[in-house]
1. Consider residue 57 against the criteria (1) open to solvent by 60 Å² or more (accessible area, probe 1.4 Å); (2) in a helix (DSSP H, G or I); (3) in contact (Cβ under 8 Å) with a residue 12 or more places away in the chain: it satisfies all of them except one. Which criterion is unmet?
2. In region 161-180, which residue that is within 17 Å of residue 51 (Cβ to Cβ) and within 19 Å of the chain's Cα centre (by Cα) is most open to solvent (accessible area, probe 1.4 Å)?
3. Which members of region 189-200 meet the condition of being open to solvent by 50 Å² or more (accessible area, probe 1.4 Å) and either of a type in the set (A, V, I, L, M) or in contact with a His (Cβ under 7 Å, 6 or more places away or on another chain) (or both)?
4. Any idea which of (1) buried (at least 20 other Cβ atoms within 10 Å of the Cβ); (2) in contact (Cβ under 8 Å) with a residue 40 or more places away in the chain; (3) in contact with a Gly (Cβ under 9 Å, 6 or more places away or on another chain) is the one residue 114 doesn't satisfy?
5. Within region 181-207, take every residue that is within 18 Å of the chain's Cα centre (by Cα) and among the aliphatic types (A, V, I, L, M) and give me the one that is farthest from residue 149 (Cα to Cα).
6. Using beta carbons and a limit of 7 Å, which pairs, at least six apart or on different chains, have the first residue in region 161-181 and farther than 14 Å from residue 109 by Cα and in contact (Cβ under 8 Å) with a residue 24 or more places away in the chain and the second one open to solvent by 30 Å² or more (accessible area, probe 1.4 Å) and among the small types (Gly, Ala, Ser)?
7. Test residue 59 against the stated conditions and say whether it is closer than 21 Å to residue 167 by Cα and of a type in the set (Ser, Thr, Tyr).
Amino acid sequence: MTVREKNQRNAKQQLREEESKGKNQSPLFLAVSVLGGLQLATFPIWGYFTIPSNDIGITACMLIVSAFMQSLYKPGVFRALVAGVTVVIGVLAALAQNIVFLKFWPIAMILLVLLFLFMGLGRDTGIVTRMIARNSGSLGTPERAYAKGLSQVLFVLFMLLGVVSALTCFWGNLRSWSFWNGGVVWAVIILFGLSERLARGLILKDLKRQAGKKAL
């Protein structure tokens with residue numbers, strides 16, 4: 001195969017990849033992915049009603065379908081892991097007919113978040129660092145320091161949320177599990193996110209001022 005033929009082959013392959021990527025970013029895939037994400041996020045709420053009234057396998061199948069739906073738009077490693085872990089938990093719950101597997105799902109998602117936070121701690125490729133860089137428009141020493149501190153705070157926050165989720169999973173009833181994982185957890189995350197967003201500008205401004213003084 002000549003160099004020209006190799007270049008043509010690579011160009012065609014790249015074009016097919018771009019077309020495939022474009023299909024996965026269509027409005028239809030976005031809508032389906034958002035719907036699947038909402039279904040996953042609210043699983044502790046609708047699971048409270050479906051688990052007692054239906055076979056555990058039916059609820060498990062609904063959860064698995066939701067996981068695959070959320071992974072359609074801009075598929076990545078995290079979305080793929082969410083889908084994979086959900087399939088494992090759903091299959092185990094259906095085979096064992098044990099509600100504990102379904103109640104463990106929120107804990108598994110928190111463990112995934114903790115894993116990604118830990119892997120990205122202090123790295124420019126970390127999910128928190130990339131978010132800060134995208135919103136700030138730059139990635140200097142102040143942004144890196146803020147991202148590292150925020151990652152540490154988020155790690156502790158999700159670890160505490162996961163501990164209580166584990167208590168509701170193994171020792172709480174379905175109502176306490178649903179209330180904590182479907183209500184309290186999301187309320188804490190939303191309030192923290194809003195507070196962090198409001199304080200970010202002030203903290204970054206102070207960090208940049210300190211960095212400027214050190215430079216002098």
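The values are calculated or read from the model by the stated rules, or taken from the named source; none is laboratory data. If you're wondering where the values come from, they're calculated on a predicted model, not measured in any experiment. A quick note on method: Cβ atoms are made from the backbone with ideal geometry, for glycine too, and the neighbour counts reach across all protein chains shown. With ligands, DNA and RNA removed, areas are computed over all heavy atoms of the protein, side chains included. Shrake-Rupley method; radii C 1.70, N 1.55, O 1.52, S 1.80 Å.
1. It is condition (1) that residue 57 fails.
2. Applying the filter and picking the extreme gives 180.
3. 190, 191, 194, 198 - these are the residues of region 189-200 that are open to solvent by 50 Å² or more (accessible area, probe 1.4 Å) and either of a type in the set (A, V, I, L, M) or in contact with a His (Cβ under 7 Å, 6 or more places away or on another chain) (or both).
4. Status for residue 114: all satisfied but (1).
5. Per the stated criteria, the residue is 184.
6. Hits for this filter: 168/176.
7. In short, no.
For (1) exposed (fewer than 14 other Cβ atoms within 10 Å of the Cβ); (2) under 14 Å from the mean Cα position of the chain (by Cα); (3) more than 30 Å from residue 205 (Cα to Cα); (4) among the charged types (D, E, K, R), each residue gets a yes or a no:
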residue: 61; (1), (2), (3), (4): no, no, yes, no
residue: 87; (1), (2), (3), (4): no, no, yes, no
residue: 107; (1), (2), (3), (4): no, yes, yes, no
residue: 125; (1), (2), (3), (4): yes, no, no, no
